[in-house]
Amino acid sequence: MTGQIEVVFAGFGGQGVMTAGQLLAYTAMDEGKQVAWIPSYGPEMRGGTANCTVVVSEHRIGSPIINNPGAACVFNRPSLDKFGELIRPGGLLLINSSLIDVKSGRDDVTELLVPVNDIAIRAGNPKAANMVMLAAFVAMTDIVSFDALEKMFREKLGSKKKELLEVNLKAFAEGRMLAEKEKAGGKA
């Protein structure tokens, strides 16, 4: 990673967007980077809207408020409608193609369709969709190292639900593999 990367994780409450953002923020801090994490909730927790912005930089962050982020990971259609148009030209947009059946319509951003729910279900737990998306984002951006991210994942989540650790790690690996294949120029 060079410079600064801003990303919005957005979806319905309960889809794990806050957890994905926190894991990214904790990992970046552990690697010595400057970090800002800003959550935003709709009026309801489960089923309502939720998003968080994560800013990761090698330098001091002037303002954590970002109007036009460099990337977005959207988990549902309302999030695509809201954040898809805000991405800066040249940015990155990851779309949960399990729940969103359209593209952004933009040709000035890199767009990756990631069937996060389908991958999570195959891995053994539909709630692991956020780990699929986080891994795909990290693979596309190299914002943090995978070793550090997996270490943080095990530290923050592994002790709470040990029985789900392997399922989440499997989902994580699938998301990474899909994005790395796309980044290398293959069809995902």
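The values are calculated or read from the model by the stated rules, or taken from the named source; none is laboratory data. A quick note: this is a predicted structure, and the numbers were derived from the prediction, not measured. Positions of Cβ are generated from backbone atoms using ideal geometry, with glycine treated the same way; all protein chains shown enter the neighbour counts.
Numerical summary
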read-out: Criterion violated by CYS73 - all others in (1) within 18 Å of GLN15 (Cα to Cα); (2) without any contact (Cβ under 8 Å) to a residue 60 or more places away in the chain satisfied; value: (2)
read-out: Top-ranked residue of the stretch 3-58 - restricted to ones that are at pLDDT 95 or above and of a type in the set (Phe, Trp, Tyr), ranked as surrounded by the most Cβ atoms within 10 Å (Cβ to Cβ); value: PHE9
read-out: Wholly within the stretch 1-120, strands (runs of 3 or more DSSP E) carrying at least 1 residues that are touching a strand residue (DSSP E or B) at 6+ places or on another chain (Cβ under 6 Å) and farther than 22 Å from ALA139 by Cβ; value: 34-41, 49-57
read-out: Hits in the stretch 136-187 (condition: farther than 17 Å from THR27 by Cα, of a type in the set (Lys, Arg), at pLDDT 90 or above and buried (at least 16 other Cβ atoms within 10 Å of the Cβ)); value: LYS170
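Matching residues to (1) more than 16 Å from LEU80 (Cα to Cα); (2) touching a Cys at 6+ places or on another chain (Cβ under 8 Å):
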| residue | (1), (2) |
| --- | --- |
| SER98 | no, no |
| VAL102 | no, no |
| VAL109 | no, no |
| VAL114 | no, no |
| ARG122 | yes, no |
| ASN125 | yes, no |
| VAL132 | yes, no |
| PHE137 | no, yes |
